[in-house]
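Structure first, commentary second.
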Amino acid sequence: MLEILHAIGPNSWVASHDPVARREAMQELFFDHPVCPEETGEDWPEDRELYSEMVIVDGNRLVGTAMLVVDPEREDRPARIWGMGVLPEYRTEFVIRTLEEALITAGYLDPAYAFIEATDGMLVPNPYSDMPGLIQVGDPRAV
């Protein structure tokens, strides 16, 4: 059964076992099976902010990883899903979208960022942003 888990924090997937080995497995997954291959050549800027990082596991097997980051120097769309790697046999639109949604919800992104760029370039509304007509997190209409 697939499970999405936090990758950062004291009770995270990374912290619950050998952190170095788990971090290396996440990096290998990103570099060997990137959803956006152009990201593998991108450096990590000093001012990048990490809002959430998650993994997908199938039992004990790591099958996906990604982050929600903000790059302040990117004026066009600074908030985005970045560093996603998913094993080919698990790479479906459902898995990718579900991981993106989990990252966005867990990230509690600053409401000033109205949209987050998804891996396919689509702009996803920030559920914590105060935009007229946007259903907020916890709103009963969100069901």
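The values are calculated or read from the model by the stated rules, or taken from the named source; none is laboratory data. Please read these numbers as outputs of a predicted model, since none were measured by experiment. Please note: Cβ atoms are built from the backbone with ideal geometry, for glycine as well, and neighbour counts cover all protein chains shown.
Worth pointing out:
- Given (1) touching a strand residue (DSSP E or B) at 6+ places or on another chain (Cβ under 7 Å); (2) polar (S, T, N, Q); (3) at pLDDT below 95, number of the condition Asn11 does not satisfy: (1)
- Screening the candidates Ala21, Ala25, Ala15, Ala7 for the property of being closer than 19 Å to Leu99 by Cβ, hydrophobic (A, V, I, L, M, F, W, C) and without any contact (Cβ under 8 Å) to a residue 40 or more places away in the chain yields one hit, Ala25.
- All positions within the range 52-104 that are surrounded by fewer than 21 Cβ atoms within 10 Å (Cβ to Cβ), under 18 Å from Asp120 (Cβ atoms) and in contact with a strand residue (DSSP E or B) (Cβ under 6 Å, 6 or more places away or on another chain): Arg77, Pro78, Tyr90, Ala102
- The residue pairs whose first member lies in the range 108-121 and is free of Cβ contacts under 8 Å to residues at least 40 places away in the same chain and more than 12 Å from Val35 (Cα to Cα), whose second member is of a type in the set (Phe, Trp, Tyr) and surrounded by 17 or more Cβ atoms within 10 Å (Cβ to Cβ), and whose beta carbons are closer than 7 Å, counting only pairs six or more residues apart or on different chains, are Pro111/Tyr128.
- Total residues in the range 1-45 satisfying the condition of being exposed (fewer than 12 other Cβ atoms within 10 Å of the Cβ) and of a type in the set (Phe, Trp, Tyr): the figure is 1.
- Entry remark, the range 1-39: residues being within 18 Å of Leu87 (Cα to Cα), in a helix (DSSP H, G or I) and not hydrophobic (A, V, I, L, M, F, W, C) number 9 in total.
- Residue ID - nearest to Pro72 (Cα to Cα), chosen from residues in the range 40-56 that are in a loop (DSSP other than H, G, I, E, B) and of a type outside the set (D, E, K, R): Pro45
- Residue check, Ile96 on the phi < 0 side of the Ramachandran plot and in a strand (DSSP E or B): no
- For the range 116-126, the set of residues classified as of a type outside the set (D, E, K, R) and under 16 Å from Glu49 (Cβ atoms) consists of Ile116, Asn126, listed by residue number.
Here's the yes/no breakdown for (1) modelled with pLDDT under 95; (2) touching a helix residue (DSSP H, G or I) at 6+ places or on another chain (Cβ under 7 Å); (3) more than 27 Å from His17 (Cα to Cα); (4) acidic (Asp, Glu):
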site: Glu42; (1), (2), (3), (4): yes, no, yes, yes
site: Pro45; (1), (2), (3), (4): yes, no, yes, no
site: Glu73; (1), (2), (3), (4): yes, no, yes, yes
site: Gly83; (1), (2), (3), (4): no, yes, no, no
site: Thr98; (1), (2), (3), (4): no, no, no, no
site: Pro111; (1), (2), (3), (4): yes, no, yes, no
site: Pro127; (1), (2), (3), (4): yes, yes, yes, no
site: Pro132; (1), (2), (3), (4): yes, no, yes, no
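- Subset tally (residues that are among the charged types (D, E, K, R) and closer than 23 Å to Tyr108 by Cβ) for the range 1-22: 1
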